[in-house]
Amino acid sequence: MTFPQLVLTFFSDYILNLLIFIVFISVIMSWLIAFNVINAHNQFVAMVWRFTTALTEPILRPIRSVLPNLGGIDLSPLVLLLAIYFLRAVIDTQLCPLAGPVQYCY
């Protein structure tokens, strides 16, 4: 296995975990803003909301265009999380055995 493949295998888990964390923050913030639990006009809340939206919308928009309209229910984050877990499973089962010892993959 070449060095770039090893780096990709090693850091992909951390990057995917970070993306999962950001998707969860985005979903929870959308609920809290929708139910007026947090104020979207607060400067810090608006900054966090813009940050999470800027990171997740380019990924979620194509998923939303494929999914049927279910009214107020948005299943695109769930589809994205399932795709991330599937991608992690593929990386763990296909690329990690090529990397060598188990400690380098997990």
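If you go through segment 72-82 and keep only what is touching a helix residue (DSSP H, G or I) at 6+ places or on another chain (Cβ under 8 Å) and either in a helix (DSSP H, G or I) or over 18 Å from Ile25 (Cβ atoms) (or both), you end up with Ser76, Pro77, Val79, Leu80, Leu81.
Residues that are free of Cβ contacts under 8 Å to residues at least 24 places away in the same chain and surrounded by 15 or more Cβ atoms within 10 Å (Cβ to Cβ) within segment 19-29 comprise just one, Met29.
Each residue in segment 50-79 was checked for being without any contact (Cβ under 8 Å) to a residue 12 or more places away in the chain, within 17 Å of Ile20 (Cα to Cα) and either of a type in the set (A, V, I, L, M) or touching a Gly at 6+ places or on another chain (Cβ under 8 Å) (or both), and 3 pass. Taking the criterion of being surrounded by fewer than 15 Cβ atoms within 10 Å (Cβ to Cβ) and over 22 Å from Ile84 (Cβ atoms), the residues of segment 39-51 that qualify are Asn39, Ala40, His41, Asn42, Gln43, Phe44, Ala46, Met47, Arg50. Is it the case, given these coordinates, that Leu32 is out of contact with any Cys (no Cβ under 6 Å at 6 or more places or on another chain), under 20 Å from Leu80 (Cβ atoms), touching a residue at least 60 places away in the same chain (Cβ under 8 Å) and of a type in the set (A, V, I, L, M)? Judged against the criteria, Leu32 is not a match.
Applying the set (1) exposed (fewer than 12 other Cβ atoms within 10 Å of the Cβ); (2) at negative phi; (3) not β-branched (Val, Ile, Thr) to Gly71 leaves exactly one unmet item: (2). The combined condition, being hydrophobic (A, V, I, L, M, F, W, C) and surrounded by 10 or more Cβ atoms within 10 Å (Cβ to Cβ), is fulfilled by Leu32. For segment 41-71, a residue qualifies if it is part of a loop (DSSP other than H, G, I, E, B) and out of contact with any helix residue (DSSP H, G or I) (no Cβ under 9 Å at 6 or more places or on another chain), and the qualifying residues are His41, Asn42, Pro68, Asn69, Gly71.
Restricting Leu6, Leu16, Leu80 to residues that are hydrophobic (A, V, I, L, M, F, W, C), surrounded by 13 or more Cβ atoms within 10 Å (Cβ to Cβ) and at pLDDT 95 or above narrows the list to Leu80.
The values are calculated or read from the model by the stated rules, or taken from the named source; none is laboratory data. Owing to the predicted nature of the structure, the values given are computational and were not obtained by experimental measurement. Counting neighbours? That spans all protein chains shown, and the Cβs are built from the backbone with ideal geometry, glycine included.
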